[in-house]
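The values are calculated or read from the model by the stated rules, or taken from the named source; none is laboratory data. Being a predicted model, the structure only gives us computed values, none of them experimental. Here the Cβ positions follow ideal geometry from the backbone for every residue, glycine too, while neighbour counts run over all protein chains shown.
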């Protein structure tokens with residue numbers, strides 16, 4: 001049963017907590033003074049931003065000690081990240097849970113992947129447990145960011161290098177074979193250079209059968225003072241992920257045998273190696289001018305067996321890309337710093353290679369146990385991509401209380417595609433057991449797009465302000481959509497997806513209450529949809545969806561010992577014009593049905609109507625060094641497909657964290673996750689035409705303990 005009746009109740013509780021805590025304690029919660037770097041690629045206070053941005057500091061990361069990115073990000077209003085096993089995930093920020101390229105993942109402002117090569121698991125390529133902070137811009141990115149930033153921008157910040165020697169070691173152990181070691185430290189190398197090295201080794205058996213996971217990450221950051229006006233920040237990042245496949249389950253197994261995993265051995269494997277190297281050189285001749293130039297390199301390779309394709313098109317995919325790029329920016333402050341102009345250009349050149357081999361999976365009853373190569377290569381192509389994106393962004397203070405901003409970005413994207421298979425290689429064969437792997441002819445495609453942005457901030461007082469913005473964003477079709485068309489005959493004709501967003505907000509502090517509330521409406525047009533045209537399956541840009549909601553966050557200093565953090569989100573997401581190639585076969589449909597349907601007016605599938613996080617933190621005055629936190633994480637109900645005929649009821653999770661600082665060098669900590677041992681699903685869906693819902697079981701009650709040592 002759907003729990004729509006709970007939405008108003010939970011939202012009312014969150015609003016009640018905000019509005020009825022009287023400001024009797026002298027402590028003031030700062031919101032406007034929070035420093036953010038994502039929106040302008042330069043440190044600035046939140047009071048200067050005409051958009052909603054949530055921030056997790058380094059201290060927040062150390063307190064949460066996230067075993068999965070979701071444990072940190074889901075404490076932010078408007079953000080829901082699920083756990084698909086290991087560190088796999090989907091994200092829902094002003095969008096449904098989706099694998100589509102509607103988010104931009106950054107490390108210190110540099111996209112971790114180029115346009116057209118989106119990975120919905122992108123956060124596992126970044127070393128979040130040892131990050132210096134995480135910033136999430138909700139809704140379309142600013143004029144400084146291009147394709148893929150429709151739902152939001154997630155920027156993970158590295159930790160600065162220390163100028164005095166330091167070394168830290170964290171050792172952690174927990175349920176289901178969880179082991180993690182974090183080593184971090186650095187020192188001044190010379191009078192002008194300091195280095196930090198961070199290493200993350202994580203090994204996890206997983207609570208489900210054969211769901212082990214291994215992660216190796218290394219981050220090096222070199223901070224340099226080259227002169228009185230010139231500095232540099234050089235970063236090397238490497239992450240290797242070796243992750244087993246984890247299956248969804250039908251309802252009976254989900255309820256009675258959630259440890260069951262249909263993928264054994266190498267079935268559903270994922271092997272990732274991601275390397276990035278960048279060096280930001282900043283020249284600041286005076287307080288009013290800053291020039292920064294950031295060349296960067298990427299080398300990324302991934303071998304993947306798509307588990308969702310095992311039943312109809314089993315294969316192993318290998319993707320590799322190498323990038324060379326440059327971010328260049330000039331910031332000018334005018335009129336005694338009342339006005340600011342930022343202009344620059346982003347350049348990214350990425351040759352990529354894609355190869356796909358067909359396999360035959362082997363099964364024992366309903367368990368996939370192994371596979372064999374058939375000898376057929378479905379796809380083997382190169383796609384060399386070039387993007388060139390100049391931009392300009394300006395802001396000015398019209399009065400002492402009113403600030404306005406505007407930005408404009410032009411994106412040019414070009415890709416040269418080459419099919420490496422011999423022209424005689426068949427693209428299809430008759431059923432049963434057949435396949436269709438249509439391959440476009442060699443081609444060159446290009447896209448260009450202009451993205452505007454407008455914003456305004458009105459200061460109600462020194463501690464409270466209103467903000468509003470209009471932002472436009474887009475995403476180009478991915479390389480997979482364009483050149484791995486499967487049975488679609490016109491995939492290279494796809495155009496960019498566009499989004500327009502309007503947002504209004506209020507943020508500030510009232511005594512011991514810090515708060516931010518944002519109300520938004522977004523329209524996504526020209527989304528990619530599928531339809532049946534005679535005997536052909538085609539794709540086109542004809543989808544339109546509407547997304548709107550309210551996001552509320554608050555921090556309350558209840559007393560000198562007790563504080564509360566709450567983040568709550570309500571959303572309404574609806575198809576306005578959305579076609580779907582509907583297929584239904586016996587025994588579900590007799591006779592078989594293959595047709596196009598339109599879900600205009602239906603709710604968007606996999607889009608939770610509400611979700612939230614409330615935590616209470618206790619730091620007793622009588623026991624210095626002790627911190628304990630009780631957390632409630634709520635996920636509301638959602639429809640599991642476009643037809644709105646089946647739904648997931650949502651869930652409530654309770655977590656407990658505690659740490660005790662024994663002295664300046666030793667801290668012990670622990671956390672208990674899912675204290676009530678609730679059976680819940682992190683992702684619930686069904687294919688259109690198939691009434692059987694598939695559940696992705698979440699982790700049952702689990703305990704973790706650790707120690708942090710300052711060496």
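Counting residues that are surrounded by fewer than 15 Cβ atoms within 10 Å (Cβ to Cβ) and modelled with pLDDT under 95, which strands (runs of 3 or more DSSP E) fully inside segment 582-696 reach at least 1?
Qualifying strands (runs of 3 or more DSSP E): 593-598.
If you go through segment 251-261, how many residues are assigned to a loop (DSSP other than H, G, I, E, B) and more than 27 Å from the chain's Cα centre (by Cα)?
Looking only at that region, the number is 2.
Given the options 188, 215, 196, name the one that is surrounded by fewer than 22 Cβ atoms within 10 Å (Cβ to Cβ), modelled with pLDDT of 95 or more and farther than 23 Å from residue 671 by Cβ. Before you say what the answer is, go through the steps one by one.
Working: 215 fails: farther than 23 Å from residue 671 by Cβ; 196 fails: surrounded by fewer than 22 Cβ atoms within 10 Å (Cβ to Cβ).
After ruling out the rest, the residue left standing is 188.
Can you give me the number of residues within segment 184-207 that are under 21 Å from residue 705 (Cα atoms) and not in a strand (DSSP E or B)?
Adding up the residues that qualify gives 3.
If we keep just the residues of segment 208-225 that are farther than 16 Å from residue 238 by Cβ and assigned to a strand (DSSP E or B), which is nearest to the chain's Cα centre (by Cα)?
213
Return the residues of segment 648-698 that are closer than 25 Å to residue 312 by Cα and over 22 Å from the mean Cα position of the chain (by Cα); say none if nothing qualifies.
Result: 686, 687, 688, 689, 690, 691, 692, 693, 694.
Does segment 463-479 contain at least one residue that is buried (at least 19 other Cβ atoms within 10 Å of the Cβ), closer than 19 Å to residue 384 by Cβ and in contact with a strand residue (DSSP E or B) (Cβ under 6 Å, 6 or more places away or on another chain)?
yes
Please verify whether segment 56-72 includes one or more residues that are in contact with a helix residue (DSSP H, G or I) (Cβ under 8 Å, 6 or more places away or on another chain), within 21 Å of residue 468 (Cβ to Cβ) and either buried (at least 17 other Cβ atoms within 10 Å of the Cβ) or modelled with pLDDT under 95 (or both).
Among the residues of segment 56-72, not one is in contact with a helix residue (DSSP H, G or I) (Cβ under 8 Å, 6 or more places away or on another chain), within 21 Å of residue 468 (Cβ to Cβ) and either buried (at least 17 other Cβ atoms within 10 Å of the Cβ) or modelled with pLDDT under 95 (or both), which makes the answer no.
Tell me, please, whether a residue that is surrounded by 18 or more Cβ atoms within 10 Å (Cβ to Cβ), closer than 21 Å to residue 185 by Cα and at pLDDT 95 or above can be found in segment 246-257.
no
Among the residues that make up segment 559-580, is at least one of them assigned to a loop (DSSP other than H, G, I, E, B), surrounded by fewer than 18 Cβ atoms within 10 Å (Cβ to Cβ) and touching a strand residue (DSSP E or B) at 6+ places or on another chain (Cβ under 9 Å)? Give the steps one after another, and end with the answer.
Step one: of segment 559-580, the residues assigned to a loop (DSSP other than H, G, I, E, B) are 559-561, 578.
From what is left, the residues that are surrounded by fewer than 18 Cβ atoms within 10 Å (Cβ to Cβ) are 559-561.
Of the ones still in play, those that are also touching a strand residue (DSSP E or B) at 6+ places or on another chain (Cβ under 9 Å) are 561.
The answer is yes, given that some residue of segment 559-580 is assigned to a loop (DSSP other than H, G, I, E, B), surrounded by fewer than 18 Cβ atoms within 10 Å (Cβ to Cβ) and touching a strand residue (DSSP E or B) at 6+ places or on another chain (Cβ under 9 Å).
Just to be sure before I move on: is residue 519 part of a strand (DSSP E or B), touching a strand residue (DSSP E or B) at 6+ places or on another chain (Cβ under 7 Å) and closer than 21 Å to residue 443 by Cβ in the structure I sent?
No, not satisfied.
Let's see how each residue does on (1) buried (at least 20 other Cβ atoms within 10 Å of the Cβ); (2) part of a strand (DSSP E or B); (3) modelled with pLDDT of 95 or more:
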{"site": "317", "(1), (2), (3)": "no, yes, yes"}
{"site": "320", "(1), (2), (3)": "no, yes, yes"}
{"site": "323", "(1), (2), (3)": "yes, yes, yes"}
{"site": "328", "(1), (2), (3)": "no, yes, yes"}
{"site": "333", "(1), (2), (3)": "no, yes, no"}
{"site": "336", "(1), (2), (3)": "no, no, no"}
{"site": "348", "(1), (2), (3)": "yes, yes, yes"}
{"site": "353", "(1), (2), (3)": "no, yes, yes"}
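Here's the yes/no breakdown for (1) over 20 Å from residue 112 (Cβ atoms); (2) in contact (Cβ under 8 Å) with a residue 60 or more places away in the chain:
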{"position": "161", "(1), (2)": "yes, yes"}
{"position": "165", "(1), (2)": "yes, no"}
{"position": "180", "(1), (2)": "yes, yes"}
{"position": "189", "(1), (2)": "yes, no"}
{"position": "203", "(1), (2)": "yes, no"}
{"position": "226", "(1), (2)": "yes, no"}
{"position": "234", "(1), (2)": "no, no"}
{"position": "240", "(1), (2)": "no, no"}
{"position": "245", "(1), (2)": "yes, yes"}
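Kindly state which strands (runs of 3 or more DSSP E) lie completely within segment 70-183 and contain at least 2 residues that are closer than 25 Å to residue 37 by Cα and under 12 Å from the mean Cα position of the chain (by Cα).
The qualifying strands (runs of 3 or more DSSP E) are 103-107, 133-138, 152-157.
Could you list, in sequence order, the residues of segment 265-276 that are surrounded by 17 or more Cβ atoms within 10 Å (Cβ to Cβ) and outside any loop (DSSP other than H, G, I, E, B)?
Across segment 265-276, the qualifying residues are 270, 272, 273, 274, 275, 276.
So residue 101 passes all but one of these: (1) surrounded by fewer than 23 Cβ atoms within 10 Å (Cβ to Cβ); (2) touching a residue at least 60 places away in the same chain (Cβ under 8 Å); (3) in contact with a strand residue (DSSP E or B) (Cβ under 9 Å, 6 or more places away or on another chain). Which condition number does it fail?
Going through the list (1) surrounded by fewer than 23 Cβ atoms within 10 Å (Cβ to Cβ); (2) touching a residue at least 60 places away in the same chain (Cβ under 8 Å); (3) in contact with a strand residue (DSSP E or B) (Cβ under 9 Å, 6 or more places away or on another chain), residue 101 breaks only (1).
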